[in-house]
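J.: Mind looking over this structure? Questions follow.
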2 protein chains.
Amino acid sequence: MASSRTPTHMAREIAEIPAVVARVLADGGPGLEAAARAIAGRRPRFVLVAARGTSDHAGLYARYLLETTIGIPVGLAAASVTTIYGARLRWDDVLVLAVSQSGAGPDVAAVVAAAREAGAPTLAVTNDPGSLLAAAAEIVLPLRAGEERAVAATKTYVASLAVVAVLAARLAEAGLNDAPRPSWAPALEALPEALEASLVASGAWLRGPGEACVAAFARAHEALVVSRGHNFATALEIALKLKETSRIFADGYSSADLLHGPVAVAGPEVPTLAFRPDGAPGSAVDEALAVAGRSGAAPWTIGGREIAGRERSLVVAPGLPEPLTPLAYVLPGFLLAEAIARARGRDPDAPPGLSKITRTR
Amino acid sequence: MASSRTPTHMAREIAEIPAVVARVLADGGPGLEAAARAIAGRRPRFVLVAARGTSDHAGLYARYLLETTIGIPVGLAAASVTTIYGARLRWDDVLVLAVSQSGAGPDVAAVVAAAREAGAPTLAVTNDPGSLLAAAAEIVLPLRAGEERAVAATKTYVASLAVVAVLAARLAEAGLNDAPRPSWAPALEALPEALEASLVASGAWLRGPGEACVAAFARAHEALVVSRGHNFATALEIALKLKETSRIFADGYSSADLLHGPVAVAGPEVPTLAFRPDGAPGSAVDEALAVAGRSGAAPWTIGGREIAGRERSLVVAPGLPEPLTPLAYVLPGFLLAEAIARARGRDPDAPPGLSKITRTR
């Protein structure tokens, strides 16, 4: 399975992630703090997130984390309302948060431009400060991830999550909606180390018991990926990576959404991967796995301390507060997707039919 | 394919849809108008939609239609923020719209209860006015669909769309956000007739050229369903029906989301179904179909006048304004799903592992 040839771009870029996140925290820190103060001063009452593809999953993380941390309602923008229907939304009191690795998508930039024109504060999280999106937004939060060469985005995804997490902590500290300082904020500093440890543990697992996981997915046509809460984004992101790099029909679900119908497709021939944090979201994931198990699904589980000793499981970043686990759990997911693609004889860096920049309207 | 045995509950319930929608318009009219006036008087600035499964797709339709009609931002609520994390959201100036056929889900009811306790106006769209959800909400909008016996919801789905459409029109007429009366509002009256015609055209097509469509999906393990804008909900809904009733791994996408990665799984062995309205959303769908076509996908298309004469196409409800087409386009989708399930030797009324009421938290 694990060949000794030159590593793929995808593998190298996954390995860079702890350093990229360290850069977001150090070099990006002052900018994020200033942005948070400026935003908090405008007292937004709602947040709309605009993004596509992998960045949409970073947006989904923002959607959960801003609600659980700041307590103001967050929605995911439907770009077509602006770009296809030309509707004019009431943007006052709305903060628009756009996420795009390339910043090149006309639809996301159009939503930001419409909101900014109406006077709403607009934030662009992007790896290209010279992009269309960066020009459209009032405040640019650079990802500082360096060039990403694999078509499947990995380091820019985790960099986006890191920017979102720091922003949420700083918005609370700046007093937005009188939110208290989140209990997980002090753990931000330890993130690079936790991510490095997550990579080491994941790599060791992939060379050991995880080989069977790679083999199961490599044989599959279809797969399910499940989580809940902050890690719902992780489930969607790894399902998309399996589609893109391995051409596996993989679907990501929250445990609740899985039970409302899609669990009908579970079965012994459909490998199932769960991201299962400790605590209440983890219990909800277990309930869904139990229902899928009645159809013969035997899940692989990545998560916190509570799954230690389970069959087919990997514990990563056991000390990390749950709201930050999406940054750590996605790493074994990425490594799995990369290894599965190679096991299927595919080049994870250049999936047929996809390109690094997708422009939709 | 089309057997002469007793029709399934699903087939009978699809046939009832025009009468159900007529009942929403006539018997439900006064209640919807009063609800709209009450809501408009509270001047909500933002809408959060709470729903699961098929009802979540009705919520997605509401999400687009309320933004294009009223112009206030709409988001889809993440129940876990309330039920798993216990976060307290700032609910003032928010309208909560909950949709649930059974009204029995604790998670949706919990979101409504939290919002109502904070003083926000709350609306419940449900087929059971005696349900947990109906008790939690300030205003109940009954679906008047009668008992639904098939596990796969069809008539309650279209009834939900009808309630949403009437509500959006009446909210505009009540002056919410100074929205103009929508140009499509006069077409509401003609809906039952348009839906009846859609059923007749779809039935004739299924007994003719559509037989090949049923056969293609009946052979498939995986499928793609695509649309854009108001009919994004239609794509998700029919993909879910194919999963539930036929155990096909079917994924629904907006044309833009499909291009941001998932198009990698398109191919000649993956039947693709597009809901393609006339005008700008239809052009966007065509762009995505062209990209999928490069991988050998040969799509089936259901839509408006502009697709007349295309190979593998069905024109339905050609006179209906685009914002109302989701009610008509979903009918051939439902009939297809029902026929495909039977062609696969499955009982569409009782998919293994699913029950009519799903309770998640």
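J.: Take the residues in segment A:316-361 that are among the β-branched types (Val, Ile, Thr) and assigned to a loop (DSSP other than H, G, I, E, B); name whichever of them is farthest from the other protein chains (Cβ to nearest Cβ).
T.: A:Val316
J.: Among the numbered criteria (1) among the charged types (D, E, K, R); (2) at the interface with chain A (Cβ under 10 Å from one of its Cβ atoms); (3) under 23 Å from the mean Cα position of the chain (by Cα), which single criterion is violated by B:Arg294?
T.: Exception for B:Arg294: condition (3).
J.: Could you please find all residues in segment B:232-255 being open to solvent by 10 Å² or more (accessible area, probe 1.4 Å) and within 14 Å of the chain's Cα centre (by Cα)?
T.: Correct list: B:Phe232, B:Leu236, B:Leu240, B:Gly252, B:Tyr253.
J.: How many of the residues making up segment B:311-361 are on the phi > 0 side of the Ramachandran plot and surrounded by fewer than 20 Cβ atoms within 10 Å (Cβ to Cβ)?
T.: Count: 3.
J.: Hey, any hits in segment B:183-201 for a residue that's more than 20 Å from the chain's Cα centre (by Cα) and either part of a loop (DSSP other than H, G, I, E, B) or among the acidic types (Asp, Glu) (or both)?
T.: Checked against the condition, which is being more than 20 Å from the chain's Cα centre (by Cα) and either part of a loop (DSSP other than H, G, I, E, B) or among the acidic types (Asp, Glu) (or both), segment B:183-201 yields at least one hit.
J.: What are the residues in segment A:126-144 that are in contact (Cβ under 8 Å) with a residue 60 or more places away in the chain, more than 15 Å from the chain's Cα centre (by Cα) and open to solvent by less than 20 Å² (accessible area, probe 1.4 Å), if any?
T.: A:Leu141
J.: Ok, one more. Within segment A:106-125, track down each residue that is among the small types (Gly, Ala, Ser), in a helix (DSSP H, G or I) and within 21 Å of A:Ile357 (Cβ to Cβ).
T.: Selection gives A:Ala109, A:Ala110, A:Ala113.
J.: Can B:Ala223 be described as in contact with a strand residue (DSSP E or B) (Cβ under 9 Å, 6 or more places away or on another chain), under 30 Å from B:Arg42 (Cβ atoms), open to solvent by less than 10 Å² (accessible area, probe 1.4 Å) and within 14 Å of another protein chain (Cβ to nearest Cβ)?
T.: Here the answer is no, as B:Ala223 does not meet what is asked.
J.: Restricting the search to segment B:165-209, which residues are within 14 Å of chain A (Cβ to nearest Cβ) and either without any contact (Cβ under 8 Å) to a residue 12 or more places away in the chain or of a type in the set (A, V, I, L, M, F, W, C) (or both)?
T.: Selection gives B:Ala168, B:Leu171, B:Ala172, B:Leu176, B:Asp178, B:Ala179, B:Pro180, B:Trp184.
J.: Go through segment B:245-305 and tell me which strands (runs of 3 or more DSSP E), entirely inside it, have 1 or more residues that are in contact with a His (Cβ under 9 Å, 6 or more places away or on another chain).
T.: Passing ranges, in order: B:249-254.
J.: Here is a further query. A:Ala308: surrounded by fewer than 22 Cβ atoms within 10 Å (Cβ to Cβ) and within 24 Å of A:Ala62 (Cα to Cα), yes or no?
T.: Answer is no for this residue.
J.: Hey, another quick one. Return the pair list, or none, for Cβ contacts closer than 8 Å from residues in segment A:296-319 that are more than 16 Å from A:Ala223 (Cα to Cα) to residues that are acidic (Asp, Glu) and open to solvent by 20 Å² or more (accessible area, probe 1.4 Å), at least 6 apart or on different chains.
T.: Listed pairs, sorted by first residue: A:Gly303/A:Asp278; A:Gly304/A:Asp278; A:Gly304/A:Glu322; A:Arg305/A:Asp278; A:Glu306/A:Asp278.
J.: Only residues that are facing chain B (nearest Cβ under 8 Å) and over 22 Å from B:Ala78 (Cβ atoms): list them for segment A:226-244, please.
T.: A:Lys243, A:Glu244
J.: Something else now. Please go through segment A:304-361 and give me each residue that is modelled with pLDDT of 95 or more, farther than 23 Å from A:Leu289 by Cα and of a type in the set (Gly, Ala, Ser), ordered by number.
T.: Those that are modelled with pLDDT of 95 or more, farther than 23 Å from A:Leu289 by Cα and of a type in the set (Gly, Ala, Ser): A:Ala339, A:Ala341, A:Ala343, A:Gly345.
J.: So which residues in segment B:127-148 are in a strand (DSSP E or B) and either among the hydrophobic types (A, V, I, L, M, F, W, C) or more than 17 Å from B:Ala22 (Cα to Cα) (or both), if there are any at all?
T.: Of everything in segment B:127-148, those that are in a strand (DSSP E or B) and either among the hydrophobic types (A, V, I, L, M, F, W, C) or more than 17 Å from B:Ala22 (Cα to Cα) (or both) turn out to be B:Ile139, B:Val140, B:Leu141.
J.: Considering only residues that are under 15 Å from A:Arg170 (Cα atoms) and in contact with a strand residue (DSSP E or B) (Cβ under 9 Å, 6 or more places away or on another chain), which ones fall in segment A:28-64?
T.: A:Gly28, A:Gly31, A:Leu32, A:Ala34, A:Ala35, A:Ala38, A:Ile39, A:Arg42, A:Pro44, A:Ala62
Let's see how each residue does on (1) open to solvent by 10 Å² or more (accessible area, probe 1.4 Å); (2) modelled with pLDDT of 95 or more; (3) at positive phi:
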site: B:His230; (1), (2), (3): no, yes, no
site: B:Asp257; (1), (2), (3): yes, no, no
site: B:Gly261; (1), (2), (3): no, no, yes
site: B:Leu273; (1), (2), (3): no, yes, no
site: B:Ala280; (1), (2), (3): yes, yes, no
site: B:Val285; (1), (2), (3): no, yes, no
site: B:Ala288; (1), (2), (3): no, yes, no
site: B:Ala298; (1), (2), (3): yes, no, no
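J.: Condition test on A:Ala284, is it over 19 Å from A:Ile248 (Cα atoms) and away from every other protein chain (no Cβ under 14 Å)?
T.: It is false that A:Ala284 is over 19 Å from A:Ile248 (Cα atoms) and away from every other protein chain (no Cβ under 14 Å).
J.: Go through segment A:149-177 residue by residue and tally those that are under 20 Å from A:Tyr64 (Cα atoms) and assigned to a loop (DSSP other than H, G, I, E, B).
T.: 2
The values are calculated or read from the model by the stated rules, or taken from the named source; none is laboratory data. None of these values were measured; they are calculated from a predicted model. All Cβ positions, even for glycine, are placed from backbone atoms using ideal geometry, and neighbour counts span all protein chains on display. Areas reflect the complete protein model, heavy atoms only, side chains present, ligands, DNA and RNA absent. Shrake-Rupley method; radii C 1.70, N 1.55, O 1.52, S 1.80 Å.
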